[in-house]
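What follows is a single structure, written as structure tokens, with notes after it.
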Amino acid sequence: MQQHFSLADCDVVGFDLDHTLCRYHLPQSARLIYDSFAHYLVTEKGYDEDLLTLAPDSLDFCCKGLVLDIEEGNFLKLAEDGTVLRASHGTKSMTFEEILETYGRREWKHFSTISGMVSRTAKYYLYDNYFDLPGALLCARVVDSLDQHDGQKKYDFWKDMVAAIQHNYKISAFKEDCGKYFPEVKTHPDKYLQRCPESVKKWLKQLKNAGKILLLITSSHSDYCRLLCEHVLGNDFEEYFDILITNALKPGFFSHTPNQRPFRTLENDEEQEALLSLDKPGWYSQGNAIQLFDLLKKMTGKLDPKVVYFGDSMHSDIFPARHYSNWETVFILEELLGDKVTVPAKAESEPLEKKGKYEEDQVKVPYFVSEQWGSFFMDRLPGLENAEETLVHTWSCKCISTYSTIAIPSLEAIADLPLDYRFARFSSNSSATAGYYPTPPRALLPNEESVTMK
């Protein structure tokens, strides 16, 4: 495979919506998602009311790439070979000795399943996107609460958590004003949604003018999609895309056959009868990548049109688009921003009393770099029996270089580049940092580890 990737070589450019085309104000949306789930657990399932209060710095627990070992109530950060780098029981970090005692220095028992399909099962749950992450903190606090009151050894709260997610995000929730999530975003969109930068809108038009077919493929239902798109792109948002697919139910969109997941038309946001084939551009619901690709062949007049897909979830976007459809994939990874944050010299020299109390009272911007979990990309593995510790890549980092063509912090990061710009792509024979644009994560650069590895 060639060493470079260029949008100019692609016939079709597809986008996920949430946290890709539509970016959120993360502290506010994280708090709303947490509150939505917690409110359901307390009012509908009788969980402890303490779950409704949240300390300002507690969102630090949220870190992409965590895996919840459901039955044990443990959260795990995995190395690329499947060993456990860090862990917590509930919110409480486990010591190195506790990790060794519980998991040993060997591949975690479910690693071959999770790494083979970047999957989720009844035994474990992978937290890999911002809609899920606040649920990790809630589950951890549920474990703390159950330990305190019941002293449980095995946990069965997961079914209630799934019910909380379904209650807030189900397909009819937006229309029915059900749950806490949709009614709040409807009422205060500016509080939660960032408007799309002009540079990105111009870039989308540039792609279209260059003859590219533009797709929007989102698991959000059509009514929520419309609210988001009107707010971030404008009332003419449909003009940016040739094909819009909502309620796509990813990753199933990529892995299911036409029989399992047919396309449906929409009328007033209600899904209509199943379609036998996809014959023309337009707005559809559900569907599958196989019939979409057949339409793209017709539209481009090519037997094998080249598709690139931009998304923020390894589980729902990047892995399935690459694995099942063999599309090029661009991973949107906001952690690339957090990894570069440095305090300006001026701020450092300011006396503390000048900085004001207000900064201290703010909920910390979540996720970019977690104090509790360390770097998203690398971590230290303590040595056994006085051996030296080693630096290892995380499993999340390995997934990026395995399944992404390139990784960028946002669409804005590439919007001003010419369409024929040649990106160095991730490949098996290139360096560990090729593929990250505009710069690699600091944790992956030599001699920089100490900065992010606390």
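The values are calculated or read from the model by the stated rules, or taken from the named source; none is laboratory data. Note that the coordinates shown come from a computational prediction; the quantities given were computed from them, not determined experimentally. Methodologically, a virtual Cβ is constructed for each residue, glycine included, from the backbone with ideal geometry; neighbour enumeration extends over all protein chains shown. Protein only, heavy atoms only, side chains kept; ligands, DNA and RNA dropped before computing areas. Shrake-Rupley method; radii C 1.70, N 1.55, O 1.52, S 1.80 Å.
Could you provide, to the nearest whole Å², the per residue accessible area of the range 26-188 with probe 1.4 Å? Before the final figure, lay out the partial values.
Details: 6810 Å² over 163 residues.
For the range 26-188, the solvent-accessible area averages 42 Å² per residue.
Loop-located trypsin sites (Lys or Arg not before Pro) in the range 249-324 (DSSP state not H, G, I, E or B) with no more than 16 neighbouring Cβ atoms inside 10 Å: K302, K306. Taking 18 Å as the cut-off for C-alpha to C-alpha distance, list the pairs among K250/K306; K77/K109; K280/K302; K45/K180 that go past it. Where the Cα-Cα span goes over 18 Å, the pairs concerned are K250/K306.
Excluding Y224 itself, what net charge comes from residues whose Cβ is under 10 Å from its Cβ, given Lys and Arg +1 and Asp and Glu -1? Walk me through the numbers before you get to the answer.
Numbers: positive: K175, K186, R226; negative: D18, D223, D269.
Result for the local shell: 0.
Taking Cα centre as origin and charging only the Cβ of basic (Lys, Arg, +1) and acidic (Asp, Glu, -1) residues, the dipole magnitude of the chain rounds to 1140 debye.
At a 1.4 Å probe, what is the % contribution of carbon and sulfur to the accessible area of the range 1-155? Can you show the working numbers first?
Details: 2880 of 5870 Å².
Carbon with sulfur: 49 percent of the solvent-accessible area.
Only protein heavy atoms count here; on that basis, with a 1.4 Å probe, R195 has an accessible area of about 140 Å². Database remark: amide H of F263 closer than 5 angstrom to the amide H of L275, G287, N288 (H placed geometrically; neighbours at sequence offset of 5 or more, or on other chains; Pro and chain starts carry no H). When the helices of the chain are scored as -39500 (n - 2.57) per DSSP H run of n ≥ 4 and the total is divided over every residue, the value at 222 nm lands at -9500 deg cm²/dmol.
Mind checking the alpha-carbon convex hull of the range 60-192 and giving the volume per residue in Å³? Please report the intermediate quantities before stating the final value.
Values: hull volume 17.4 nm³, N = 133.
Output value, Cα hull per residue: 131 Å³.
For a test of the definition: using alpha carbon positions, the gyration tensor, and the 1.5 limit on a/c, classify the range 7-85 as rounded, prolate or oblate. Verdict is oblate for the range 7-85. When you filter the chymotrypsin sites (Phe, Trp or Tyr not before Pro) in the range 225-288 for DSSP loop state and at most 14 other Cβ atoms inside 10 Å of their Cβ, nothing is left. Site pair K154 and S6 shows an inter-label distance of 5.8 nm when each label is modelled 7 Å from Cα along Cα→Cβ. Each of L100 and K205 was given a label point 7 Å from its Cα along the Cα-to-Cβ line. The distance between the two points is 6.2 nm.
Here the relative contact order of the chain, from alpha carbon pairs under 8 Å that lie six or more residues apart, stands at 22 percent.
Here the range 387-420 and the range 137-206 have alpha carbon centers that stand 26 Å from each other.
For the range 26-188, what is the relative contact order in percent, using Cα pairs closer than 8 Å and at least 6 residues apart in sequence?
30
For the range 186-307, which whole-number percentage of the solvent-accessible area (1.4 Å probe, protein heavy atoms only) is attributable to carbon and sulfur atoms? For the range 186-307, the apolar C and S fraction of the accessible surface comes to 47 percent.
Which percent, nearest 5, of DSSP beta bridges in the chain are antiparallel? Show your work: numbers first, answer last.
Numbers: 28 of 52 bridges.
Of those bridges, close to 55 percent are antiparallel.
Of interest is the spacing of the C-alpha centroids, which for the range 224-241 and the range 1-71 amounts to 21 Å. Pick the calculated semi-axes √(5λ) of the Cα gyration tensor in Å for this structure from (i) 36, 30, 19; (ii) 35, 27, 23; (iii) 48, 29, 22? Comparing each candidate, only (ii) matches the computed number.
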